[in-house]
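Laboratory data are not the source of any read-out in this text; all were calculated from the coordinates shown. Computed from a prediction, not measured in an experiment: that's the story for all the values here. Because the Cβ atoms are built from the backbone with ideal geometry, glycine has one as well, and the counts that use them run over all protein chains shown.
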């Protein structure tokens, strides 16, 4: 187990003691990967890292997968369960062997399946469960230098793939075909996983999360392209809105408003200011241009081992920014039935302000 | 909303009444797709279908995604929540508007995030939560004719991609390169999503779930290839073990044992017999050949909208088979440090026995 994983495990144990928790239970998840480097399929077969406040954690996993976790044995004890065993009963035995057979408070992976939580609640009726994000999110939302380098590289690869995509005409291709072409670029570039590519043309662009359709892209369309992929476990996430052929005056006005909103948010970033203030900085620009009701989502989300994670740039979130926090700056304007426009960069908080990790033009891109 | 979704929703409501449940809560999941055809990203933003025992269900989802679900409005009421609203509070209002502000028993998506379950438990302290699979699994595990046709087509596409892969030599390529080549075949064939491709060469094949590595495949290796992808929402899943160059006598013996175990399981399938009896039929063959301790996993898993779902072919599962159930028949033998061998078909229960949906040779395949 690499030394930084050992360090992170010790930090979680410190947090467990401070929060007066008896254990944290982590299923296969970004949290588990962050602490151990291990991931596998999320499935009906329980894999669970049991972390006590002191001493060695125990990883409970399927017997026939213990060969895949043998390299962790210097940091955690490994207990396998056979296909005919009840893994929840085995976890209960593990708690007893760790000296705490009847825990009072347990932190559980936020993304664990509800069915596992129900089984643990039934098996440990005296325990109160809380989300593990209370321990893990404060660690994960501040990136260290190694993480920032990986995130920068992921953004560079994403814009490189997008730049290649722009070398071919858009008109006449379907949204799905454009998405497949970008996906192929990403695979060639060496991303380990491509999860979501959105291509919203014309009126489809006004649905911010619509999956690519068979709609044929036409001259006169705005096309919102939102793309990202995973490099060494870390996500990229970028949006550019291109125009097929010459844009209308209204599209130009919308595009310019979104661009200024993105820049206003970046300019507002500095340590100590609240997340909601960054959302407000962008929203004010869009409201003043008269498009307030059409900016229908928060400004952005943290990014790292998940494409959406803390901190969220949204009204009501008073969390203060810290150096190393990394999130998206993605204002958008969506005119129902007509078009959408979004501009998204990944940005990070520095000691003195904000800096974009996404290095790609904000100019209006006109394609054929 | 297509008529079969309406029918399925009515069947769930019937089950709710029979089970004396007040609601079922479904997040973005295969269950939701099965009942409505709708899917989207699983994320920190709550999307929830609230199904009461009588009357119209309500879909609670992010405001800016309501445009994506407008086509469901003939079957369900749609309620959007703004980014600054609390969706759990909105769900509570929805329960009140459905005439049941203090439910006693709620079925929750098995795969919902634990953090959502914790929030619902806090917001509805009088409610007991149970896994929604108690309602959905009995429906989903028996496939109708349309589902069987899609599953058959998915298996046909998977073996077609594999057959193409065999036209190139294996020796000298890494496991990752072989996996990437098969992934590319699957994309060309039109699968909508490729999730897992395993390529376990030589000793790596003895870890049944190991992800492909940078190991260079060599002459003399057995290579376990486990592959599947998603077509119209339904999974394929197939394993073949090939040998690079002439196999040893021991590999031949292992291969032949696995082949006979697969066939013994298929021959044992008929309506009314238990799931565990199918596992036993295969296991007996492997035990009699002296490899019992090396068949370290259950025989198989149901397959449909998930790659692993009910029914599970495992000791202890006395569920009787029914026509239309569809699952994998995948015995394996894993000799630590040496090699693995697995043979996996998707099979279905007919009125009188069992039938393979996977149509590909069981003969030993020797590649260069």
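At a glance:
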{"quantity": "Helix A:145-165 axis, angle to chain A major axis (alpha carbon atoms, nearest 10°)", "calculated": "40"}
{"quantity": "Dmax and Rg, reported as Rg then Dmax, of the range B:145-367 (C-alpha, Å)", "calculated": "16.5, 49"}
{"quantity": "Alpha-carbon Debye profile of the range A:240-368, log10 I(q)/I(0) at 0.14 Å⁻¹", "calculated": "-0.58"}
{"quantity": "Separation between Cα centres of the range B:353-368 and the range A:274-317, rounded to whole Å", "calculated": "54"}
{"quantity": "Over the range B:173-263 - Rg/Rh using Cα atoms and the Kirkwood inverse-distance radius", "calculated": "1.00"}
{"quantity": "Cα Rg, Dmax (largest Cα-Cα span) when computed across the protein assembly as shown, Å", "calculated": "26.1, 79"}
{"quantity": "Pairwise FRET efficiency - residue A:352 versus residue B:352, Cβ, R0 = 60 Å, nearest 0.05", "calculated": "0.20"}
{"quantity": "Over the protein assembly as shown: helical MRE at 222 nm, DSSP H runs n ≥ 4 each giving -39500 (n - 2.57), nearest 500", "calculated": "-10500 deg cm²/dmol"}
{"quantity": "Rg/Rh ratio calculated on Cα atoms of the range A:326-368 (Kirkwood radius)", "calculated": "1.10"}
{"quantity": "Theoretical FRET efficiency, 1/(1+(r/R0)^6), r = Cβ-Cβ of residue B:63 and residue B:163, R0 56 Å, to 0.05", "calculated": "0.70"}
{"quantity": "Cα-derived Rg to Rh of the range B:100-218, Kirkwood definition", "calculated": "1.18"}
{"quantity": "Cβ-based exposure ranking for A:248, B:352, B:15, in which fewest neighbours within 10 Å come first", "calculated": "B:352, A:248, B:15"}
{"quantity": "Length-normalised contact order for the range B:145-367 - Cα pairs under 8 Å, 6+ apart - percent", "calculated": "23"}
{"quantity": "Reciprocal mean inverse distance between Cα atoms of the range A:3-140 - Kirkwood radius, Å", "calculated": "14.8"}
{"quantity": "Extended-chain gain in nm, criterion 0.36 nm per residue less alpha-carbon gap, residue A:126 and residue A:100", "calculated": "8.1 nm"}
{"quantity": "For residue A:362, label point 7 Å along C-beta direction: distances to other copies, nm", "calculated": "6.5"}
{"quantity": "Cβ-derived FRET efficiency at R0 25 Å, residue A:82 paired with residue B:249, nearest 0.05", "calculated": "0.25"}
{"quantity": "Taking only Cα atoms of the range B:144-199, radius of gyration then Dmax in Å", "calculated": "12.7, 44"}
{"quantity": "Highest to lowest packing among A:51-61, A:295-305, scored as the average C-beta count within 10 Å", "calculated": "A:295-305, A:51-61"}
{"quantity": "Choice from A:153, A:253, A:143 showing the highest fluctuation, given a GNM over chain A with Cα pairs closer than 10 Å", "calculated": "A:253"}
{"quantity": "With Cα atoms, 0 to 90° folded angle of helix B:114-123 axis to chain B main axis", "calculated": "20"}
{"quantity": "Distance-filtered residues of the range A:188-205 - backbone nitrogen under 19 Å, label point 7 angstrom along residue A:150 Cα→Cβ", "calculated": "A:189-196"}
{"quantity": "Antiparallel DSSP beta bridges within the protein assembly as shown, as percent of all bridges there, nearest 5", "calculated": "70"}
{"quantity": "The range A:24-70-the range B:1-31 distance, computed between alpha-carbon centres (Å)", "calculated": "34"}
{"quantity": "Nm distances between copies for residue B:320, ranked from closest, using label points 7 Å along Cα→Cβ", "calculated": "6.8"}
{"quantity": "Convex hull volume of the range B:50-115 per residue (C-alpha atoms, cubic angstrom)", "calculated": "110"}
{"quantity": "Largest-first principal axis extents of the Cα set of the range B:294-368 (Å)", "calculated": "40, 28, 23"}
{"quantity": "Exam field: residue B:256 pseudo-label spacings to other copies (7 Å along Cα-Cβ), nanometres", "calculated": "8.1"}
